[in-house]
Structure formats: structure tokens, C-alpha cells
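All remarks here apply to the structure that follows.
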């Protein structure tokens, strides 16, 4: 690759010439640099593989018995209604047309002080415990393997009896990103139990009458 | 004193190293291009904090574009000699009474995501120009009378029982379309979905916790 720079010697007898500088540029450093860059890019592209978010849905049982449906306490239930356009409605408890008054919808959004704040307040206990556990690992007070830590966090989530049970419901105007965003919030706020369920007719009515 | 004129020489640069460089770059680009699956339609996945990586093999991908068109893709598996794609197409052909020649099956095995009614698959495989091929990509039909996507999923599950399902939808896709696909998958006993997202880090620490009232 490197090139020999041959100094030209005067051919015509006797005539003296000024010393000439070769106009050739040695490209070797550039090639070296490019090799480094290529190696760098090859390594980084291998890391930027698509990421996935895993969700597991409950099995759909055809012969579903309403008596066997999991019972969830009303005071722990947080309903999140998505209707697109970065609007999130939520209410606590259960909307039952037989038991008026219906709960009122509160309007919020996907920002930091929006739904996340609500989720953090409701999930304070579990969130604090998990965050403290993680902090201990980061500061080096606790040395455990990643899998052990994951299992420990899973156990904490499973044993949690105070945190909200979030029911995510989306109407026909909702976009796919709304669902992904809200599931993401669940992961950020360490919500132990959440499910994606269908809207009931009452809730559709509630969205219609909701504060704009 | 007269100036001594330096004879004019044409400056010539030796191009060999540059040629080396460009050949290397070209090889690199060619290699990466083959890794990235050619996409039918641009799909802008939503962002999430998930850092889990998508599996390399044994993955069935359902792509949903912004305008709710559905495309299907499945890989050949870890061991390429299994030829899952070709087997799947053969089964699909038997289902819809279409016979594919071994050459067509083989060719299909090397192709990427597709989305068209089964009757057009043959012309898609045999299309010589990519332009013609793209024109055929009108989405897999999912009507209740002829739900071809359900058959693709069902037969893909039979061909490669170990395949996981990845769902790659555009952020702006209506949720109802995604829900329809998810319901269909659940009917085929797929209860675990890998939603393809782009990583966007976001962290909440104890400091962000709102104060107790």
C-alpha cells in the first residue's frame, strides 16, 4: 500500500533542477483510519438489533365461566382508557351501571407528570422497594447475579398486595403506539399486575361525556 | 536573474489504496444489506424502554403498516436445511389447491416478507422486476370469509412449532387492526407476543417519586 517516493534525478546532463516535491499523497493513514471506522461500524450495527417488548396474554378460553373469572378488589382497580391523540382517561374502582353514581373520568396525558405520576403514587410501596433494591445493587452494597435480581424483583411483584391492578382499555380511535406507551409506563413504574381488556358499553358512554 | 521555471508535471495520485478501501466498503455494505430484511413498506416502530433483543431465528413476524396492510414473514430456522419457508408454502398450496414447482418453492425460501392473496404468490415469486413484485404487495387478506392470515399462522405453527411470534406495527396503526391480529393469534394458541420497538431510555428513580401527602 505504501508508496515509495523516488526522487527524480536530472536526466539532461548538467542542467540543475530545483528539488522537487512529490505531489503524490500517501494514502496509507487514510486507509488505516477507514479500516478502524469500518470495524467500529460493524461492531455497533451488530448491537443495534431490534428490541422487543414481550407481553403475555391470558389464554382465551371458549367455555369461560363468569364465576371463575379472577376477582379483583374495586379499590385497587385503576382503569386506564385510551382514546388516541395523547389523551389518557383514568378512574378508580369499577363502573357498574347498576350501582350509580358512575365514577368520574380524569383526563391526563403521557407526559412525565401525567399518567406516570398517578401510577407512581398508587404504586409507591412496591416501586420504592424495587428502586431501593436496584440502588443497592448499583452502589455495590448488594452483589448478586442479574438472574437472581430479576427473580427477586419478580417475587416482590408477585407478593405485592397493595399496588394497583391496572386495566388498560382502548377504544377504536386509539393508536398502536398508545398501547405500547402505556405498557411501557407499566414497566417504568414497576406495576405488578396489569391487563389489556375490552371497553364496556358504560365506559364508552363515559368517554363520550368525559371532560374535553 | 531569470526565474528558474519548474517543469510542470501532472500530479497523479496513486489510486490503489483508495480502490482497496472502496472494495472493502462495498463488501461491508453488501454484507449488511443481506442481513437487514428488505421491508415491504416503511414501518416506524414505537419506542419503549425494553432492552430485550429480538431472537435471530425461529421467528414469525407479522408486519402491520400504517394503512393497516398486513405482511407476513418467517425465517428458515437456525438450521437452513430445514427449509421452513418452502415447506410452509407447500402446505399453503395444498390448502388452497395451488401447486408450486420445486424451483418456485426453493425461490420462495430465499425471499423476504410478503403480503398478498395466496393466488398472487406464484406471480410474486416469478416476477422478474422488483417493481412488479412490489405492486403485488397489497396485504394478506384477513376477511372473515377467507382469512388467509389465519392459515399462514396455523400452518407456520405446524411447520415450525418452536417459532415465536413477533409483531411489528407502525406507531400510527389503529389499535383495532393490531387487536384483530392479536385475537387471531390467540385463536391459534399464541399467547406470547414480541412487540418490536425501538429503544428509548427513560429512567425513573426514587427522586421522581411524588412526595407523600
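Out of A:173, A:177, I need the residue that is within 12 Å of another protein chain (Cβ to nearest Cβ), surrounded by fewer than 20 Cβ atoms within 10 Å (Cβ to Cβ) and in contact with a strand residue (DSSP E or B) (Cβ under 9 Å, 6 or more places away or on another chain). Which one?
A:173
All but one of (1) at pLDDT below 85; (2) within 14 Å of another protein chain (Cβ to nearest Cβ); (3) under 17 Å from residue B:112 (Cα atoms) hold for residue B:188, so report the exception by its number.
So residue B:188 meets the others, but not (3).
When only residues in segment B:35-50 that are farther than 11 Å from residue B:196 by Cα and part of a loop (DSSP other than H, G, I, E, B) count, which is modelled with the highest pLDDT? Give the derivation first.
Quick first cut of segment B:35-50, residues farther than 11 Å from residue B:196 by Cα only: B:35-42, B:49.
Right, trim to part of a loop (DSSP other than H, G, I, E, B) and you get B:36-42, B:49.
Details: B:36: 51, B:37: 54, B:38: 57, B:39: 66, B:40: 72, B:41: 77, B:42: 80, B:49: 85.
The extreme case among them is B:49.
Return the total of residues in segment B:151-175 being more than 14 Å from every other protein chain (Cβ to nearest Cβ) and over 16 Å from residue B:58 (Cα atoms).
1
Regarding residue A:165, is this residue at pLDDT 85 or above and within 14 Å of another protein chain (Cβ to nearest Cβ)?
no
Pull up segment A:103-128, narrow it to residues that are out of contact with any strand residue (DSSP E or B) (no Cβ under 8 Å at 6 or more places or on another chain) and buried (at least 17 other Cβ atoms within 10 Å of the Cβ), then point me to the one that is nearest to residue A:165 (Cα to Cα).
Here the answer is A:123.
Criterion first (within 14 Å of chain A (Cβ to nearest Cβ) and either modelled with pLDDT under 75 or exposed (fewer than 11 other Cβ atoms within 10 Å of the Cβ) (or both)) does residue B:15 satisfy it?
Values: within 14 Å of chain A (Cβ to nearest Cβ): yes; either modelled with pLDDT under 75 or exposed (fewer than 11 other Cβ atoms within 10 Å of the Cβ) (or both): yes.
Judged against the criteria, residue B:15 is a match.
Looking at this structure, is residue B:178 more than 7 Å from chain A (Cβ to nearest Cβ), within 26 Å of residue B:42 (Cα to Cα) and not in a loop (DSSP other than H, G, I, E, B)?
It is false that residue B:178 is more than 7 Å from chain A (Cβ to nearest Cβ), within 26 Å of residue B:42 (Cα to Cα) and not in a loop (DSSP other than H, G, I, E, B).
Would you check which residues across segment B:51-102 are out of contact with any strand residue (DSSP E or B) (no Cβ under 9 Å at 6 or more places or on another chain), in a loop (DSSP other than H, G, I, E, B) and closer than 15 Å to residue B:114 by Cβ and list them?
Matches in segment B:51-102: B:76, B:98, B:100.
The values are calculated or read from the model by the stated rules, or taken from the named source; none is laboratory data. Only a predicted model underlies this, so the values are computations on that prediction, with no experimental measurement involved. With ideal geometry, Cβ positions are generated from the backbone for all residues, glycine too; neighbour counts draw on all protein chains shown.
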